[in-house]
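For reference, the structure discussed in these notes is given below.
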């Protein structure tokens, strides 16, 4: 059958584009619009990136053949424009061009599909323009991040983790920054979170220029974006693209992206307000546990309006993450009270981790959560957990549970993780944002205004 309620049909619909690999149909995407303009027919079509690869060619429906292709990039959604001409044969575009356009198209589709709705309209690009007595707020934050990055490049995963742990508890409201007994930062999952001093330094600099204007929540978002730009200066184009799509957790908007080069620009939406409440109990309640089953993890993310697929994708942040011995010793020495290692963990990995985390040692050494390509945003994390090399129990659980195994396998075998993860991060970043008159603009990120 075709779509629900439609009869079977032979061949593509009018205006449909068919992606083929040899004689095997890989994908079909219906033309979004066909219209007449000045006597010229335009076939507009979106191309899905994960269907293109070596040996793939583009076969256009006969209604569009005899047209000369004119590729263009609109900045909002990628389209291929095909105009009528005297040409009698349609020639497929170069595969490299198609692959590049496809990847960019898929990324933009995710960004557009999950962009914040008008109900969150107080967030906007350039919110602080003209509001800080002549100081460029984003440039001020950037200079501080750049200075720290020159001596500590781990601030990239550090800021990513800080941003995630903030947004997942009561929304992106900087509640994780508040000091005090029983605040979020005192909860066990947050004891290893770092980066507070970077935010403090930026806040202090901005308070000296325009007191009570820039929120701590926005500083976290801006600083995270700046870390990505700095990583790009040391990365290949491919590495940059992976990190770029990873960082849409800061509500990244792509203004322009030119294929075939490294030209790009993107902006962070600002206008967040700071929360007034920070409770360790909320962090314990909302942050997924390191030993969660797949169903428990899914439930935790569902409570934030996120899907099972989002759960698997967001746990993919562990591709650049670290943990400490205190979180894995039980898996190494006394799993479920057995006095033995977790049988689900690769024996070679058990041996390796035991050397890092001796049984009777009080040292809380750090461990890379991705034992393949640490500190690189790719799908290695999924390959590792399928090989029984998940460091945290929750990682291993999503690899074997029937609720999530197929998603893990798909991500491990494909190349779409960065763009899919981008969509999940945007959805997470839009949860419970304070704007307008909600919350406050703290004078110090560590203390609620009196």
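The values are calculated or read from the model by the stated rules, or taken from the named source; none is laboratory data. None of these values were measured; they are calculated from a predicted model. Virtual Cβ from ideal backbone geometry, glycine too; neighbours counted across all protein chains shown.
Within the stretch 135-238, considering only helices (runs of 4 or more DSSP H) that don't extend past its boundaries, which have at least 2 residues that are over 20 Å from residue 366 (Cβ atoms) and at pLDDT 95 or above? Lay out the reasoning, then the answer.
Values: elements: 137-149, 155-167, 196-207, 216-232.
Hits in the stretch 135-238: 137-149, 196-207, 216-232.
Would you call residue 174 surrounded by 22 or more Cβ atoms within 10 Å (Cβ to Cβ) and in contact with a strand residue (DSSP E or B) (Cβ under 6 Å, 6 or more places away or on another chain)?
On the way: surrounded by 22 or more Cβ atoms within 10 Å (Cβ to Cβ): yes; in contact with a strand residue (DSSP E or B) (Cβ under 6 Å, 6 or more places away or on another chain): yes.
It is true that residue 174 is surrounded by 22 or more Cβ atoms within 10 Å (Cβ to Cβ) and in contact with a strand residue (DSSP E or B) (Cβ under 6 Å, 6 or more places away or on another chain).
Looking at (1) at pLDDT below 95; (2) outside any helix (DSSP H, G or I); (3) closer than 27 Å to residue 285 by Cα, can you tell me which one residue 122 breaks?
If we test residue 122 against (1) at pLDDT below 95; (2) outside any helix (DSSP H, G or I); (3) closer than 27 Å to residue 285 by Cα, just (3) comes out false.
So for the stretch 315-328 (the condition being surrounded by 16 or more Cβ atoms within 10 Å (Cβ to Cβ), in contact (Cβ under 8 Å) with a residue 60 or more places away in the chain and assigned to a loop (DSSP other than H, G, I, E, B)), does at least one residue qualify?
Among the residues of the stretch 315-328, at least one is surrounded by 16 or more Cβ atoms within 10 Å (Cβ to Cβ), in contact (Cβ under 8 Å) with a residue 60 or more places away in the chain and assigned to a loop (DSSP other than H, G, I, E, B), which makes the answer yes.
Search the stretch 405-435 for residues being buried (at least 22 other Cβ atoms within 10 Å of the Cβ) and at pLDDT 80 or above, and hand back the single one that is nearest to the chain's Cα centre (by Cα).
So the residue we want is 411.
Considering every residue within the stretch 329-336, establish whether at least one is in contact with a helix residue (DSSP H, G or I) (Cβ under 7 Å, 6 or more places away or on another chain) and either surrounded by fewer than 19 Cβ atoms within 10 Å (Cβ to Cβ) or under 30 Å from residue 433 (Cβ atoms) (or both). It would help to see each step written out before you state the result.
Pass one, the stretch 329-336, residues in contact with a helix residue (DSSP H, G or I) (Cβ under 7 Å, 6 or more places away or on another chain): 331-332.
Narrowing the set further to residues that are either surrounded by fewer than 19 Cβ atoms within 10 Å (Cβ to Cβ) or under 30 Å from residue 433 (Cβ atoms) (or both) leaves none.
No, every residue in the stretch 329-336 fails to be in contact with a helix residue (DSSP H, G or I) (Cβ under 7 Å, 6 or more places away or on another chain) and either surrounded by fewer than 19 Cβ atoms within 10 Å (Cβ to Cβ) or under 30 Å from residue 433 (Cβ atoms) (or both).
Only residues that are in contact (Cβ under 8 Å) with a residue 24 or more places away in the chain, outside any helix (DSSP H, G or I) and farther than 16 Å from residue 290 by Cβ: list them for the stretch 333-360, please. Can you show your working first?
Going through the stretch 333-360, the residues in contact (Cβ under 8 Å) with a residue 24 or more places away in the chain turn out to be 333, 342, 344-346, 349, 353, 356-357, 359.
Subsequent filtering for residues that are outside any helix (DSSP H, G or I) retains 342, 344-346, 357, 359.
Across the stretch 333-360, the qualifying residues are 346, 359.
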